[in-house]
Amino acid sequence: MRVSNHQHLHASSLSLSDAETFLGSGNDEMMELRAVLSRGDTDVDATLDSATDDSSSEEDESNEKTLRDGLENLRTSKSKKFDIEIDAGSLNKTSNFRRPLSLKVRKFEKSDYIARRIMSATQERWNGYTVLPSSLFCLWYCLSGAWKWLFTNNMYSSSSFVSDVDQASMHCDAVSSAPFSLPPLPVMAVALGVILHAPFSFVYHWHFCVILPPGQARFDHWSRRLDQSFIHVASAFLSFGTSGSSLYFLCNAIYNGSCLLRLMRAKTATPVQTQLRILISMILYSAPLITRGEIQAFFWLWVVLSLSVFFFVTYPIRGWSHCAFHIVVGLAPPILLHSASTLEMSQKFIMQAAQCSSMS
């Protein structure tokens, strides 16, 4: 078997496909080599010797020995995979030898994931600050009565509305007529979910991420697990806020409860699994918007969620990316609160509260 003096192969193992690429599929030596391998012939050296030209140079013999060793390894290898190295400096510029294409899939490395998310004390404190505005907005929305006047001011004037109401049949208790009366249950569920998560996220970022050493210690700390666990608590409440269904809320509570238990029982952080479970919970609490025909609300909600996921996953502005993630995802509660206020059960409650307010 003749090997060009300009082509030196340095390899410990070769495959049939490499030999075919080197010699050409229609080459006589290649066809003979296929026959040897198909027979499981053990006398590979003899076959190669018979194909070797007597006038081969010492360099050719050395190359042929390399091929013999490689083919022998191929015959005994279970995987029949190969690695081939080419001395590029010894290849002729006009050589037709081409390296086989290979597709490399990068394996997820937890250490790389953690290293990209190491932040300074200042950045971590801002991560804590930026989680608060959304919970403060929920408090304002509920306590200020915004859930009530946002839906009634443009519909009725107080005088005309009261004149059309049978005041004798109206039930106005102290709660519904008070200036800071409680909002309907779906609105309260959204606000409660957001508010419950905020303190755990704030404490983790503002305190523990500052005093703990960067790296694995922060990722496996109990405060981080509580932060992620209460994302699932919030998701369960949000599912009631978007659906108004007790049964749907129960199903979501079971799913998110199981995710919470997995987080607390895990010995170490599992970023991929954790993020996948959170993504499923996001899909679950946003799905009722589609069934209710709230297409615009669903669209804008997922614009916000997609942009926040982009910042969280890719970290485009390095240590400040998590801060940007909190700011963007903080735009979701106003959408969810408004959607919860448009539910039928919410509208009935809001109508009664508005009527009682107009009579006071």
- Message: Can you work out the Karplus-derived ³J(HN,Hα) for every residue in region 332-346? Use 6.51 cos²θ - 1.76 cosθ + 1.60 with θ = phi - 60°, whole Hz, and x for glycine or proline.
- Response: 6, x, x, 5, 5, 5, 5, 5, 5, 6, 8, 4, 4, 5, 6
- Item | Under the Karplus curve 6.51 cos²θ - 1.76 cosθ + 1.60, θ = phi - 60°, whole-Hz ³J(HN,Hα) for region 119-131, x wherever Gly or Pro sits | 10, 6, 4, 5, 5, 5, 5, 5, 4, x, 4, 6, 8
- Using a 10 Å cut-off on Cβ atoms, rank the peptides 283-294, 332-343, 261-272 from the highest mean neighbour count down. 332-343, 283-294, 261-272
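Each reported figure results from applying straightforward, stated rules to the coordinates on display, with no laboratory input. On a predicted model such as this, the values are computed, not experimentally measured, just so you know. A quick note on method: Cβ atoms are made from the backbone with ideal geometry, for glycine too, and the neighbour counts reach across all protein chains shown.
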